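One structure below.
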Amino acid sequence: PVIVLTFGTFDMMHVGHVRLLQRAAALGDELHVGVSTVALTKRKRNGRKTIFKQDTRMEMVAAIRGVTSVFLEESLDLKQAYVDKVGAHILVMGDDWKGKFDRIKVPEIIYLPRTQGVSTTSLRKGRPIK
Ligand code: C2G
């Protein structure tokens, strides 16, 4: 089977996250998802906490059709270890991460375009979605 791996925070799950996961799932037979811990998210986002706890975010991601398994992503620097552990053939990331993981040894890295007009930040601000 073709094994796909992706990562994210998935706080306040929205259509951009769902589409990213479904496009990733369509690239292979299994989709494994690393969900950032609260501690990693604070480091990624200058100390800003997530709205939802890590267990709740994992539960939401696991409920999406096509997701095979979820695990906690504890550090950005452990990407290679996670790739090796799940035996990933394809590493998928949104194109906001373009080029960032090019050193990872994995047969293929695909950066998918983000869904425009929706983000956790816009939801937090309560802005209407186009
Ligand atoms: N995404 C998207 N469209 C949006 C918003 C997000 O396609 N409108 C994608 C992102 O590009 C990412 C995934 O959804 O691939 C999860 O987004 P975030 O929760 O913002 O994840 P992030 O904090 O970027 O974590 O190891 C890398 C990180 O853990 C990625």
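The values are calculated or read from the model by the stated rules, or taken from the named source; none is laboratory data. Bear in mind that the values here come from a model prediction, so they are computed numbers and not experimental data. With ideal geometry, Cβ positions are generated from the backbone for all residues, glycine too; neighbour counts draw on all protein chains shown. Note: accessible area is taken over every heavy atom of the protein model, side chains too, but ligands, DNA and RNA are not part of it. Shrake-Rupley method; radii C 1.70, N 1.55, O 1.52, S 1.80 Å.
Using the Cα centre as the reference, give the magnitude of the dipole from point charges on the C-beta atoms of the chain (Lys, Arg: +1; Asp, Glu: -1; all else neutral), rounded to the nearest 20 debye.
Using only the charged Cβ atoms, the result is roughly 800 debye.
How high is the relative contact order of region 20-130, given as a whole-number percent (alpha carbon pairs under 8 Å, six or more residues apart)?
Worked out over region 20-130, it gives 24 percent.
Would you mind calculating the gained length between Leu123 and Asp95 on full extension (0.36 nm times residue separation, minus the Cα-Cα distance), in nm to one decimal?
Gain in length upon complete extension: 8.1 nm.
Obtain the radius of gyration and the Kirkwood radius of region 70-130 from its C-alpha atoms and give Rg over Rh.
With Rg and the Kirkwood Rh in hand, the quotient comes to 1.07.
So for region 46-103, what percent of the C-alpha to C-alpha distances run longer than 17 Å?
Value for region 46-103: 54 percent of Cα pairs lie more than 17 Å apart.
Compute for the chain: radius of gyration divided by Kirkwood radius, i.e. Rg/Rh, restricted to C-alpha atoms, rounded to two decimals.
Rounded to two decimals, Rg/Rh equals 0.94.
Would you kindly find the accessible area of Asp55, with a 1.4 Å probe and non-protein molecules such as ligands, DNA and RNA excluded, rounding to the nearest 10 Å²?
Its heavy atoms expose roughly 100 Å² to the probe.
Count neighbours as other Cβ atoms within 10 Å of each site's Cβ, and list the GluC sites (Glu not before Pro) in region 10-106 that are DSSP loop with at most 15 such neighbours.
Glu74
If amide H atoms are built 1.01 Å from N in the plane of the peptide, which residues on other chains or at least 5 residues away come under 5 Å of the amide H of Leu72?
Val35
Express the carbon and sulfur contribution to the solvent-accessible surface of the chain as a percent, rounded to the nearest whole number, probe 1.4 angstrom.
53 percent
For the pair Lys85 and Met12, what calculated FRET efficiency results from E = 1/(1 + (r/R0)^6), where r is the Cβ-Cβ distance and R0 = 22 Å, to the nearest 0.05?
E between Met12 and Lys85, to the nearest 0.05, is 0.20.
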